[in-house]
Amino acid sequence: MSAGSGTKELFELVAQLRAEGLAVGTDRVVLAAEALAGLPADPYRSLRVTLCTRASDLPIFDAVWASRSAAEPVPDEVAAGTVEPGAGTAAPGAETEPPTGQPAAAGGEDELTRRDVVHLTPAEREEIQRLIALLVPAAPRRPAMRRVPSRTGRIDAPATMRLMLRNGGEPSRILRSRRAQRPRRLLMLIDVSGSMRAYSDVMLRFAHAAVAVRPGTTEVFTVGTRWTRLTVELRARDADAAMRAVAEVETDWGRGTRLGPVLRDFLRHWGGRTVVRSSVVVISSDGVEYGNMAVLPQQVARLARLGHVVIWVNPALGDPGYRPVNPALDNSLPHVVAHLPGHSFEALRELAGVIAR
């Protein structure tokens with residue numbers, strides 16, 4: 001495919017990639033078309049970034065690209081994913097700039113934690129996964145009905161009377177009590193549709209960190225075209241073991257999005273239980289929705305009434321050129337207390353802080 005290629009060539013490339021096993025969703029094709037319109041000079045980089053969602057996709061893409069570019073072969077080092085096309089040998093003493101469309105090398109852990117997880121190398125992704133496991137995403141405590149002895153607080157008349165009776169009726173000390181504190185429940189609803197494929201893994205690892213902190217008061221569900229409970233699988237001590245257990249669960253990975261109807265069905269089953277009531281609810285989704293746009297805002301409003309607060313995590317916010325995708329998300333945001341990105345480790349650390357408020 002040469003510079004200025006049309007829609008037909010893009011669709012042919014996508015069809016060939018799908019035939020080779022790449023799960024290229026419609027949303028990725030749209031992004032690729034927009035990237036070609038913005039960067040017409042060299043389509044290789046923009047198509048490689050937009051059509052590939054995992055490191056394992058890159059060799060397949062490069063092989064397909066080479067087969068389609070017989071007139072202009074891709075060097076072996078490019079096919080191996082180590083050098084970008086057009087990157088020649090720099091003159092002695094000359095500085096080279098990172099290829100357009102590719103992130104510059106990280107200048108330390110601080111820079112790495114701020115980068116979008118989509119642009120990380122496998123080694124960098126492993127480092128971010130290690131850091132995610134160290135997070136402590138725990139909801140704050142809330143007052144319980146039970147009261148406990150305390151040096152301050154209101155007078156505990158029954159306990160004071162019992163103490164007086166033990167002392168022969170003499171008032172020796174006034175006892176006080178306060179309401180006990182118990183952990184507030186945390187409910188995570190993670191979108192695993194095709195448009196969220198690049199971020200589903202890190203959000204599930206974030207959910208595993210939350211379950212590891214408070215396994216008894218944290219619930220995790222995936223949503224897309226249906227809801228699936230993954231709390232039990234995420235209780236594995238090791239994060240990688242938990243991810244393997246999650247992968248074995250039959251769910252709707254990488255499919256479409258019916259977030260409004262799925263939340264409605266979820267609330268029919270779980271809305272009356274402690275899983276939802278007075279919980280901190282975290283919805284991780286880019287808000288891509290099909291069908292009736294009025295359903296999603298209604299269900300988010302219902303979640304806000306049943307739960308303590310609703311937090312919306314939208315990785316698309318990490319893109320400087322982000323624009324709202326549909327009115328369903330816009331009309332849902334008035335019912336949430338925070339709309340956060342979640343596209344990098346730094347954003348996930350911010351999310352953990354908001355959950356703990």
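Report, by residue number, each residue of segment 225-239 that is among the hydroxyl-bearing types (Ser, Thr, Tyr) and more than 17 Å from LEU186 (Cα to Cα). Don't jump to the end; show me each part of the working.
Initially, segment 225-239 is screened for residues among the hydroxyl-bearing types (Ser, Thr, Tyr), giving 225, 228, 231.
Hit for segment 225-239 is THR225, nothing else.
Given the criterion over 24 Å from PRO215 (Cβ atoms) and under 17 Å from the mean Cα position of the chain (by Cα), identify the matching residue among GLU126, GLU170.
Numbers: GLU170 fails: under 17 Å from the mean Cα position of the chain (by Cα).
So the residue among GLU126, GLU170 that is over 24 Å from PRO215 (Cβ atoms) and under 17 Å from the mean Cα position of the chain (by Cα) is GLU126.
Let me confirm something: among ARG277, ARG255, ARG268, which residue is surrounded by fewer than 18 Cβ atoms within 10 Å (Cβ to Cβ) and touching a Leu at 6+ places or on another chain (Cβ under 6 Å)? Before the answer, list the steps.
On the way: ARG255 fails: touching a Leu at 6+ places or on another chain (Cβ under 6 Å); ARG268 fails: touching a Leu at 6+ places or on another chain (Cβ under 6 Å).
Exactly one residue qualifies, and that residue is ARG277.
Which ones in segment 133-160 are free of Cβ contacts under 8 Å to residues at least 24 places away in the same chain and surrounded by 13 or more Cβ atoms within 10 Å (Cβ to Cβ)?
Initial filter on segment 133-160 (free of Cβ contacts under 8 Å to residues at least 24 places away in the same chain): 155-160.
Within segment 133-160, ASP156, ALA159, THR160 meet the criteria.
Starting from segment 33-51, take each residue that is within 16 Å of PHE61 (Cα to Cα) and list its partners that are surrounded by fewer than 19 Cβ atoms within 10 Å (Cβ to Cβ) and at pLDDT 65 or above, counting only C-beta distances under 6 angstrom and pairs at least six apart or across chains.
Taking only residues 6 or more apart or on different chains, the pairs are THR50/LEU31.
Checking the structure you have, find out if any residue of segment 204-214 is farther than 17 Å from LEU135 by Cα and either buried (at least 23 other Cβ atoms within 10 Å of the Cβ) or out of contact with any Asp or Glu (no Cβ under 8 Å at 6 or more places or on another chain) (or both). Outline the logic, then answer.
Residues of segment 204-214 that are farther than 17 Å from LEU135 by Cα, as a first pass: none.
Checked segment 204-214: no residue is farther than 17 Å from LEU135 by Cα and either buried (at least 23 other Cβ atoms within 10 Å of the Cβ) or out of contact with any Asp or Glu (no Cβ under 8 Å at 6 or more places or on another chain) (or both).
Report, ordered by the first and then the second residue, all pairs with beta carbons closer than 8 Å, sequence separation of six or more or different chains, a first member in segment 328-357 that is touching a residue at least 24 places away in the same chain (Cβ under 8 Å), and a second member that is crowded, with 20+ Cβ neighbours inside 10 Å and among the acidic types (Asp, Glu).
Sorted first by the residue in segment 328-357, then by its partner, the pairs are ALA328/GLU289; LEU329/GLU289.
Which strands (runs of 3 or more DSSP E) sit wholly inside segment 164-259 and have at least 1 residues that are within 30 Å of TYR290 (Cα to Cα) and in contact (Cβ under 8 Å) with a residue 60 or more places away in the chain? Before the answer, list the steps.
On the way: elements: 176-183, 186-191, 218-223.
Here the list reads 186-191, 218-223.
Show the residue pairs that are 6+ apart or on different chains and have beta-carbon atoms under 6 Å apart, the first residue being within segment 291-307 and free of Cβ contacts under 8 Å to residues at least 40 places away in the same chain, the second being among the polar types (S, T, N, Q).
Cβ pairs passing all conditions: LEU296/SER332; PRO297/ASN331; PRO297/SER332; VAL300/SER332.
Among the listed residues ARG184, ARG173, ARG130, which satisfies the condition of being charged (D, E, K, R) and crowded, with 16+ Cβ neighbours inside 10 Å?
Working: ARG173 fails: crowded, with 16+ Cβ neighbours inside 10 Å; ARG130 fails: crowded, with 16+ Cβ neighbours inside 10 Å.
None of the others qualify; the one that does is ARG184.
The values are calculated or read from the model by the stated rules, or taken from the named source; none is laboratory data. Quick caveat: nothing in here was measured; it's all calculated off a predicted structure. For neighbour counting, all protein chains shown are included, and Cβ atoms are generated from backbone atoms with ideal geometry for every residue, glycine included.
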